[in-house]
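Worksheet: the structure to be examined is printed underneath.
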Amino acid sequence: MIRMLLADDQQMLRSALATLLNLEDDIEVAAEAGNGAEAVDLIRLHNPDVCVLDIEMPVMNGIEVAEKLQQIGHPCRVIILTTFARAGYFQRALKAGVKGYLLKDGPSSELANAIRKVAEGKRVIHPELSLSIWENPNPLTPRETDILRHAAKGATLKEIGDALYLSHGTVRNYMSEIIAKLEAKNKTDAIRIAQENGWIS
């Protein structure tokens with residue numbers, strides 16, 4: 001029997017999916033969570049074999065949960081469910097050791113088969129999602145991504161410079177390069193573009 005945790009902040013959808021998965025002879029939904037932090041707590045408590053996580057959840061998103069599990073060395077294998085084929089999220093998910101990456105609107109039978117494969121140690125990625133990494137790669141360097149992530153949190157150029165030990169002028173030059181690379185109108189537009197593509201959270 002494959003014991004699993006299901007995490008999604010939409011309770012009706014989560015309950016319906018749990019009901020369908022519990023109909024499978026070899027799958028048991030041991031716990032359900034409504035946000036990422038709750039998911040981490042329940043994973044520690046129930047030690048499921050597989051965790052199915054919605055990518056967009058309050059407190060911690062699905063990828064942040066996967067990163068946390070990797071950090072604490074928990075063996076639970078992770079499947080991410082997503083609505084959008086965002087290359088940035090996909091890249092982060094792979095780095096976090098995610099074993100499955102599926103579109104949310106797929107049939108429950110597809111998810112059940114993915115759970116079985118992931119439980120066996122295999123990796124399952126929806127073809128449309130795997131293509132997104134080639135079609136829409138992140139043009140920003142790690143340093144540029146870091147700067148834009150700080151900017152998205154409301155930090156000024158000076159504050160970003162202080163945090164990253166860079167001069168105000170250097171940060172300004174980086175920001176100009178970021179705006180040019182993303183073909184954005186300004187800093188706010190650059191943040192929006194990066195967030196929509198999953199390059200920053």
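Using only the Cα atoms of the range 21-127, build the gyration tensor, take square roots of its eigenvalues as a ≥ b ≥ c, and label the shape rounded, prolate or oblate: rounded if a/c is under 1.5, else prolate if a/b is larger than b/c, else oblate.
Here the range 21-127 falls in the rounded category.
The residue among 125, 171, 58 whose Cα reaches farthest toward the positive pole of the charge dipole of the chain, with charges on the beta-carbon of Lys, Arg, Asp and Glu, is 171.
Positive-end ranking of 7, 17, 155 along the dipole of the chain, with charges on Cβ about the Cα centre, is headed by 155. Between 0 and 90 degrees, the angle of helix 108-119 with respect to the longest Cα principal axis of the chain falls at about 80 degrees. Note on the range 42-201: with neighbouring protein chains present and a 1.4 Å probe, carbon and sulfur make up 51 percent of its accessible heavy-atom surface.
What's the ranking of 173-183, 37-47 by average number of surrounding C-beta atoms within 10 Å, highest first?
Ranked from most to least packed, the peptides come out as 37-47, 173-183.
In a reduced charge model with +1 at each Lys and Arg Cβ and -1 at each Asp and Glu Cβ, the range 1-150 shows a dipole moment near 520 debye about its Cα centre. Per-residue ellipticity at 222 nm computed for the chain from its helices equals -16000 deg cm²/dmol, with DSSP H segments shorter than 4 residues left out and the rest contributing -39,500 (n - 2.57).
Estimated from the Cβ-Cβ distance and a Förster radius of 30 angstrom, the FRET efficiency linking residue 188 and residue 95 is about 0.65. In this label model, residue 177 and residue 15 are separated by 5.2 nm, measuring between points 7 Å along each Cα→Cβ vector.
The radius of gyration of the Cα set in the chain, together with its Dmax, comes out at 18.7, 62 angstrom. Rounded if a/c is under 1.5, else prolate if a/b is larger than b/c, else oblate: which is the range 1-67, with a ≥ b ≥ c the root eigenvalues of its Cα gyration tensor? It comes out oblate by the Cα gyration axes.
Take the chain with all the other protein chains still there, run a 1.4 Å probe, and you get 51 Å² of accessible area per residue.
The values are calculated or read from the model by the stated rules, or taken from the named source; none is laboratory data. Small disclaimer: the values here were computed from a predicted structure and weren't measured. A quick note on method: Cβ atoms are made from the backbone with ideal geometry, for glycine too, and the neighbour counts reach across all protein chains shown. Accessible surface areas use protein heavy atoms only, side chains included; no ligands, DNA or RNA. Shrake-Rupley method; radii C 1.70, N 1.55, O 1.52, S 1.80 Å.
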